[in-house]
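Inspection log for the structure reproduced underneath, given as structure tokens.
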Amino acid sequence: MMLRIVSAIAALLASSASNAADLIRCTSKTGPEIVLALGSEKRLGQRVSCLHSEFVVDMEPCAPEGKFGLSRPTGAADLVKIVDRWQEYSDHLGGVTNHYVTPKEIAFSGGFHGSTNGYQQFWRFTANRLAGTGILKIEKGQYMEGEYAYQCQKASQKF
């Protein structure tokens, strides 16, 4: 009996550890800290990755790998829909986040899809997985516009 309980606890811990997010912390001398949480949570029935930083406003910057996360246009600006292709958000009004991962890089981009101008990208962050570096580009006219260089490394939560 005791062996079964120990085995069940071990299996639960192993399963929890495998579902834990990979965290990548990126710091810059001039830009805000960025934390990438890969596979961090399940939203709208899908596993999503998120970018966390103070420069992101009016959107929830989360999306599944290779897909688009769509946020509400106002208020909490939370994630309301996930689509596979850019053509599928043509009737969306609000924030749009794209995310992809390759053996060389991890990338997130975000912007707003409006009724008159279509999609306008506001920012893009790309982390080079081989060099441990990153680049944040914030488009002209946006808060903190410019280009920022980063050093990135895998991180673990303290608690």
Quick count over region 79-97, residues being in contact with a helix residue (DSSP H, G or I) (Cβ under 8 Å, 6 or more places away or on another chain) and crowded, with 19+ Cβ neighbours inside 10 Å, is 1
Turns out the strands (runs of 3 or more DSSP E) fully within region 41-129 with at least 3 residues that are farther than 17 Å from Ile24 by Cβ are 68-71, 79-83, 94-101, 105-114, 118-128
Selection from region 56-78 of residues at pLDDT 90 or above and either within 16 Å of His92 (Cβ to Cβ) or buried (at least 16 other Cβ atoms within 10 Å of the Cβ) (or both) yields Glu60, Pro61, Cys62, Ala63, Pro64, Lys67, Phe68, Gly69, Leu70, Ser71
Among residues of region 130-155 being touching a Phe, Trp or Tyr at 6+ places or on another chain (Cβ under 7 Å) and in a loop (DSSP other than H, G, I, E, B), the residue surrounded by the most Cβ atoms within 10 Å (Cβ to Cβ) is Gln142
Expected single match for at positive phi and among the small types (Gly, Ala, Ser) among Gly95, Gly118 is Gly118
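Given the criterion in contact with a Lys or Arg (Cβ under 9 Å, 6 or more places away or on another chain), touching a residue at least 24 places away in the same chain (Cβ under 8 Å) and over 22 Å from Pro32 (Cα atoms), identify the matching residue among Gly94, Gly110, Gly66. Talk me through it step by step, then tell me what you get.
Numbers: Gly110 fails: over 22 Å from Pro32 (Cα atoms); Gly66 fails: in contact with a Lys or Arg (Cβ under 9 Å, 6 or more places away or on another chain).
When all the criteria are applied, what remains is Gly94.
Taking the options Glu139, Glu147, name whichever one is closer than 25 Å to Arg25 by Cβ, in contact with an Asp or Glu (Cβ under 8 Å, 6 or more places away or on another chain) and not basic (Lys, Arg).
Details: Glu147 fails: in contact with an Asp or Glu (Cβ under 8 Å, 6 or more places away or on another chain).
Being closer than 25 Å to Arg25 by Cβ, in contact with an Asp or Glu (Cβ under 8 Å, 6 or more places away or on another chain) and not basic (Lys, Arg) holds for just one of Glu139, Glu147, which is Glu139.
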- Task: Answer yes or no: is there a residue in region 20-33 that is closer than 16 Å to Gln121 by Cα, outside any loop (DSSP other than H, G, I, E, B) and touching a residue at least 24 places away in the same chain (Cβ under 8 Å).
- Result: no
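Within region 149-156, does at least one residue satisfy the condition of being over 14 Å from Val35 (Cα atoms) and touching a residue at least 12 places away in the same chain (Cβ under 8 Å)? Reasoning before the result, please.
Quick first cut of region 149-156, residues over 14 Å from Val35 (Cα atoms) only: 149.
After this cut, where a residue has to be touching a residue at least 12 places away in the same chain (Cβ under 8 Å) as well, the list is 149.
Looking through region 149-156, at least one residue is over 14 Å from Val35 (Cα atoms) and touching a residue at least 12 places away in the same chain (Cβ under 8 Å).
Out of everything in region 99-124 that is surrounded by fewer than 20 Cβ atoms within 10 Å (Cβ to Cβ) and under 12 Å from Pro61 (Cα atoms), what residue ends up being farthest from the chain's Cα centre (by Cα)?
Quick first cut of region 99-124, residues surrounded by fewer than 20 Cβ atoms within 10 Å (Cβ to Cβ) only: 100-105, 107, 111-112, 114-121, 124.
In the following step, the residues that additionally are under 12 Å from Pro61 (Cα atoms) were identified as 107, 111-112, 124.
Working: Ala107: 8, Gly111: 13, Phe112: 16, Arg124: 11 Å.
Checking each candidate, the answer is Phe112.
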Residue set Ile82, Ile135; condition of a type in the set (Val, Ile, Thr) and without any contact (Cβ under 8 Å) to a residue 24 or more places away in the chain; output residue Ile135
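The values are calculated or read from the model by the stated rules, or taken from the named source; none is laboratory data. Please read all numbers here as calculations on a predicted model, not as lab measurements. No Cβ is skipped: glycine too gets one built from the backbone with ideal geometry, and neighbour counts run over all protein chains shown.
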